[in-house]
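The values are calculated or read from the model by the stated rules, or taken from the named source; none is laboratory data. Remember, predicted model here, so these are calculated numbers, not experimental data. In this analysis, Cβ positions are derived from the backbone assuming ideal geometry, glycine residues included, and neighbour counts consider all displayed protein chains. We work out accessible area using only protein heavy atoms, side chains counted, and drop any ligands, DNA or RNA first. Shrake-Rupley method; radii C 1.70, N 1.55, O 1.52, S 1.80 Å.
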Amino acid sequence: MQLRFATGLTSTEYVTQEAWRNATLEHCPLHAQGACSFARHGTYERVSPPGTRIPRWYCPQGHCTFSLLADCFAARLTGTLVELEAAVDHVEQSRTLEDAVAELRLEIDLPGVLRWTRRRLQAIHAVLTTLKGLMPEPFVHCAPTLVSFRQHLAVEWVLIALRARAAVHLSHLPPPLGFRPPLRRGGEHSDTHQHRAGPDPPHVLA
Ligand SMILES: [Zn+2]
C-alpha cells in the first residue's frame, strides 16, 4: 500500500539529503490502536534519479507492506511528477500528438514515442476527470486538462499541488498522481495489501 510522504523537496534534494531516513509512519494504518507488530521494513530502490530509496513498513498481522512516496515522485511510473507534467503539458499545447512527439523521446522509434506519450496524456486526463468527481466543489468548472487546472489553482506545477490538495483522496485516485491499486481481471483492486519489492513498484504505464 502506497501512502503520501508530504515534502516540498525536489527529487535531487530528496536523494542528496537521503530524506527517506526522516520519513515516519507513527502507527500501523490497519491497526490504529497499535495492537500489532508493525515495524520499519527497509527501503526499496527507484530507478530515477539514481540513488532514490523509498522507505517501507510492514504489519505481519495484516500481511501488509506500506511505502511512503515523496510528493516529487510519480506513482507506479519512473521519474518525477514535474517531468511527467512537462511532457503532458507539451502535448496539450501542441496542435497534434504527432507535432508534440517530434521533440520528445527521440531515442525510441516513432510508434513507441506516440504510445509512450498517448498513455501519459490519457493517464493524467483520467486522473483529473476522477478528481473532478471526487472533489466537484473546487473543480467543477475545470476541464480535465493541466492547463485548466493550472489556471484554476494558480500554481506552476499542478500535479505536485494536487498531491497536497487531494491528499485525502489519493487512495481512490489512479496513478501516476494517486495510489489506487491496479484493477485485477474481473474489476477487483489487486495489490491492496502487498507490493513487490523490486527496483520500482509495478508499472501501469510501460
Ligand atoms: Zn498492523
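At residue 97 and residue 129, where each label point lies 7 Å from the Cα along Cα→Cβ, what is the point-to-point distance in nanometres?
Result: 1.4 nm between the two label points.
Consider just the alpha-carbon atoms of the chain and return their Rg together with their Dmax, both in angstrom.
So, for the chain, Rg and Dmax equal 17.6, 57 Å respectively.
I'd like the carbon and sulfur percentage of the solvent accessible area for region 100-180, probe radius 1.4 Å, heavy atoms only, ligands and nucleic acids excluded. Show your work: numbers first, answer last.
Details: 2410 of 4100 Å².
Carbon with sulfur: 59 percent of the solvent-accessible area.
What distance in nm separates the simple spin-label points at residue 24 and residue 183, each placed 7 Å from Cα in the Cβ direction?
4.0 nm
Run the paramagnetic zone check for residue 172: 7 angstrom along Cα to Cβ, then residues of region 105-148 with backbone nitrogen under 20 Å.
Taking a point 7 Å out along Cα→Cβ of residue 172, the residues of region 105-148 whose backbone N falls under 20 Å are 124-145.
Quickly estimate the mean residue ellipticity at 222 nm for the chain, helices only: each DSSP H run with n ≥ 4 gives -39500 (n - 2.57), and the total goes over all residues, rounded to 500. List each step's numbers first, then the result.
Working: 7 runs with 68 residues, N = 206.
Value at 222 nm, helices only: -9500 deg cm²/dmol.
Within the accessible area of region 1-42, what % is carbon and sulfur when the probe is 1.4 Å and the other protein chains stay in place?
49 percent
Describe numerically, in nm with one decimal, the distance between label points set 7 Å from Cα along Cα→Cβ at residue 36 and at residue 90.
So the two model labels end up 4.2 nm from each other.
I'd like to check one number: the per residue accessible area of the chain, probe 1.4 Å, reported in Å² as a whole number. Can you show the working numbers first?
Details: 10620 Å² over 206 residues.
Heavy-atom SASA per residue in the chain reads 52 Å².
For Cα pairs less than 8 Å apart in space and 6+ apart in sequence, what is the mean separation divided by the residue count of the chain, i.e. the relative contact order in percent? Don't jump to the answer; show the numbers that get you there.
Values: 309 pairs, mean separation 48.0, N = 206.
For the chain, the relative contact order is 23 percent.
Could you tell me the calculated FRET efficiency between residue 122 and residue 13, based on Cβ-Cβ distance and R0 = 25 angstrom, to the nearest 0.05? Kindly include the intermediate steps, with their values, before the conclusion.
On the way: r = 30 Å, r/R0 = 1.22.
Efficiency at R0 = 25 Å is approximately 0.25.
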